[in-house]
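A.B. asks: After the structure tokens below, expect a handful of questions from me.
The values are calculated or read from the model by the stated rules, or taken from the named source; none is laboratory data. Just so it is clear, the model here is predicted, and its values are computed rather than measured. Cβ atoms come from the backbone with ideal geometry, glycine included; neighbour counts cover every protein chain shown. In case anyone asks, the SASA skips ligands and DNA or RNA and just uses the protein heavy atoms, side chains included. Shrake-Rupley method; radii C 1.70, N 1.55, O 1.52, S 1.80 Å.
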Amino acid sequence: MLGLFVVLVVPAFALGLLFGAGPAAIVGAFAGLFSFIGVAGGPLWSDLRALAASSPVLLVAACGPRLLAEWSRPAAFALILALVLIAGLLPLRRPGLTTLGLGLGLLTLISYGLPIGGGIPALQLVVATVAGLVVAALFRCVTGLRDPHGPARAKVAGLLDEPEPSVAGAVDLWLRDGRPTWLAAVITAAVRTRLAVATADATVRRLPVEDRAAGDRAVEAVRERARSLAAAVRAKRPSDEPPGRATPVPELEDPLRTADDALDRVAELVVRRDATPLADDDRAHHGLRAALASTDAWRSTQVRHALRTTLGVLLVLLVSLTLRPGDPLLPTLLMTTFSILQTSWGATLARARPKILGLLAGAAVAVAIILVLPPATLLPIALVALVLGLATITSRPTLGSAAMVCVSVGFSSSLRGLDPVAVLVEYGILMVVAVLVSVVVAFAVVPSRRRPDLRRRLEAAVAATVTALDALAEDAPDRTRVASAWRDAARARRDLVGEHDRLTDHQTEQLERVRLGLDDLALLATVTRTGPDDGSVPLIEARTRLLVDAPDAPSGVLSALADEVRTERRALESACP
């Protein structure tokens, strides 16, 4: 965060001043920061398209509430709540838009709350915001022009060497990068490799003790080859020759051969790199979009989270009416509430805990500084705390939150002439209000939805996935039906995880493996379905293996993945009451 602050906030602020934005330049500085955070992370051209498409709403978020507040505070509140609700609903369109929603919400709240005085001309706000957006676009170009497609390759390569990769994330970036044919094949081969290595690991654990060392060496050789090929996939141009096949071990012959065959395919793809867009079957494409998108049902967790966040922001906006005009702690109240609220109560509590610990630690340090050091030292200490807070707020949130307490007290007392003790007391009260609103009130008014028991949810998730596979395998299905089936399957998979389940740690891990397995199966099925007659046999075999045992070995990655999901599901159901 500190690096982004230096390379985005400072240039955007300077550019705003240069073009006559005056004090509104600070709004443009944060517009540049949060717009970059919201769109960065994907292929360059995709990110720039996202920034261009979202610029109008970001402009409204930066300027609208502040301008409306001078005419009607209720109207400003209404616009803020509308923007916060939109920010919460953006992930329904695509999970990759979660960061854009975060940036939109934070920009809305900080632009409204910044204590830069009233009466700022609308033109200055617009100029400042445009300057910030321009800086964000230029910085994204600077960071991405050398390798515009690098993020997509890196995400796909993670399927080969990361301990907990995201197939959904890899497929999402593959889509945004224009669906290059070679990366689609790498995704399939990488998942096949991971399944084969997992099978080999399980086999090694069943070997006699004296044979396990040879088995471990053989499996590690496959992993080393996968890591080497992952580096080749990430590279803009591969240079090193990847290592050869693993040394055969009789007991591991089948899984190691499967893994090496898949890695052979990756090695071939890395050299050829066919970047032409995958010949896209229309229904498969829409099924894939639906599989990646969140459910649009009003009973979904994301919609409840959006409503809950909007309610929380409304409550703290009402609390802000009791503050003095231009209170420097207003942004802290608004942004703390917005950032603490998560999709579940447990995650919200986990996010609130470092805020409270940081408040206590920061308050203790601030009191010591006020009692021991002269007032002239508050400003330099606040500057040091600002650097420390920006450097640690994401990696060590408790330390970052503690530093921000000192920043608020130091700046408010030094630059605004306020009593440091009064500022500290007010800061503590507002933080407690933000936590109570987020953790208690918001979830009391919009509670988490109680779901059926786990067995029924497992049955529903598997049945919905089978229905979606059947729809995708038909010769001429209706496109709307395919997309609807995948949305239903996505909703059923998300419903697998419930806050009220009483599961052991092992059972929780099993449930997560089932959910991720169904996610991967849905995505890989649609990635490999490239034509009206291609891929229907593997789809039918996979849906059959999801439901019943098969005597023969799986013939492809979809069937192997279906076998793994079925095995984990039955083990979990047998352990459930």
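A.B. asks: How do VAL316, VAL130 rank by accessible surface area computed with a 1.4 Å probe, from largest to smallest?
C.D. replies: Details: VAL316 0, VAL130 65 Å².
If we order VAL316, VAL130 from most to least accessible, we get VAL130, VAL316.
A.B. asks: Just reorder ILE110, ILE370 by solvent-accessible area, largest first, 1.4 Å probe, all chains present.
C.D. replies: Working: ILE110 15, ILE370 45 Å².
Correct descending sequence by accessible area is ILE370, ILE110.
A.B. asks: Taking the highest mean first, how do the peptides 505-514, 421-430, 256-265 order by number of other beta carbon atoms within 10 angstrom per residue? Write out the running numbers ahead of the final one.
C.D. replies: Values: 505-514: 15.9, 421-430: 18.0, 256-265: 21.0.
Packing order, densest peptide first, comes out as 256-265, 421-430, 505-514.
A.B. asks: Here is a follow-up. Please calculate the 1.4 Å probe accessible area of PHE77, with all protein chains present, and give it to the nearest 10 Å².
C.D. replies: So the heavy atoms of PHE77 present about 20 Å² to solvent.
A.B. asks: Next question, about the same structure. Just the accessible area for LYS155, please: 1.4 Å probe, Å², rounded to the nearest 10?
C.D. replies: That residue has around 90 Å² of solvent-accessible surface.
A.B. asks: Please grab the % of Cα pairs in segment 8-79 that end up more than 14 Å from each other. Could the numbers behind the result be given before it?
C.D. replies: Working: 1673 of 2556 pairs.
Of the Cα pairs, 65 percent sit more than 14 Å apart.
A.B. asks: Here's something else I'd like to know. Averaged per residue, what accessible surface does the chain expose to a 1.4 Å probe, in Å²?
C.D. replies: Details: 25620 Å² over 577 residues.
I get 44 Å² per residue for this part.
A.B. asks: Rounded to the nearest 500 deg cm²/dmol, what is the calculated helix-only ellipticity per residue at 222 nm for the chain, with -39500 (n - 2.57) per DSSP H run of length n ≥ 4?
C.D. replies: Dividing the helical sum by the residues of the chain leaves -24500 deg cm²/dmol.
A.B. asks: If I stretch the segment between GLU509 and ALA78 completely, what's the gain in nm (0.36 nm per residue apart, minus their alpha carbon distance), one decimal? Show your work: numbers first, answer last.
C.D. replies: Details: separation 431, 0.36 × 431 = 155.16 nm, distance 4.24 nm.
Computed gain between GLU509 and ALA78 is 150.9 nm.
A.B. asks: At 1.4 Å probe size, with the rest of the protein present, what percent of the exposed accessible area of the chain is carbon and sulfur atoms? Mind dumping the intermediate values first?
C.D. replies: Working: 16170 of 25620 Å².
In the chain, the share of accessible area belonging to carbon and sulfur is 63 percent.
A.B. asks: Also: Just to verify a number: what accessible area does VAL440 come out at with the full protein assembly present, 1.4 Å probe, Å² rounded to tens?
C.D. replies: 80
A.B. asks: Calculate the radius of gyration of the Cα atoms of segment 26-147 to one decimal place, then report Dmax, the largest Cα-Cα distance, as a whole number, both in Å.
C.D. replies: Cα only, segment 26-147: 14.2, 48 Å (Rg, Dmax).
A.B. asks: I'd like the orientation of helix 330-340 relative to the chain: the angle between its Cα long axis and the longest Cα principal axis, in ° from 0 to 90, rounded to 10.
C.D. replies: Here the helix axis deviates by roughly 20 degrees.
A.B. asks: May I ask you to rank LEU524, LEU123 by accessible area, largest first, using a 1.4 Å probe over the protein chains only?
C.D. replies: On the way: LEU524 0, LEU123 125 Å².
Descending order: LEU123, LEU524.
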